[in-house]
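Below is one structure; the comments refer to it alone.
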Amino acid sequence: MDIKLEPIGIIRSPYTNKNNSPRQGRYSNETSVLTVYKKYMDGIEGIDLHSHYMIFYWQDHATRNQLKVVPHGKTEERGCFQPELL
């Protein structure tokens, strides 16, 4: 089964490269702007009734074929699907 992704908008961030962005967005006071394409505007009707949202996004410059990574602040590789233990 193939999964087709179709963007419904775009996120504009003040971060222009990986080196100037925070490890987690919660560590920044910067604001990003989400713009929903006009043809999807009916789909967000009533959005103002809520205070929190889950935004799923595709990082268009991310490496897609890497199954092992060295997490920020760590020295050893691990599987990329393993959640960060706090």
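Read-outs: derived from the displayed coordinates by stated rules, not from any lab. Please read all numbers here as calculations on a predicted model, not as lab measurements. Neighbour counts run over all protein chains shown; Cβ positions are idealised from the backbone, glycine included.
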_Order of Asp48, Asp2 under a 10 Å beta carbon neighbour criterion, fewest first_ = Asp2, Asp48
*Ratio of region 9-79's C-alpha Rg to 2.2 N^0.38 Å, to two decimals?*
1.44
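Counting other beta carbons within 10 Å of each residue's own, what order do Ile10, Ile55, Ile3 fall into, fewest first? Display every interim value, and only then the final one.
Working: Ile10 11, Ile55 8, Ile3 4.
Fewest to most other Cβ atoms nearby, the residues stand as Ile3, Ile55, Ile10.
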_For a protection proxy built on the mean count of beta-carbon atoms within 10 angstrom, sort 70-80, 34-44 highest first, please._
34-44, 70-80
*Where nothing but the Cβ of Lys and Arg (+1) and of Asp and Glu (-1) is charged, how large is the charge dipole of the chain around its Cα centre, in debye to the nearest 20?*
300
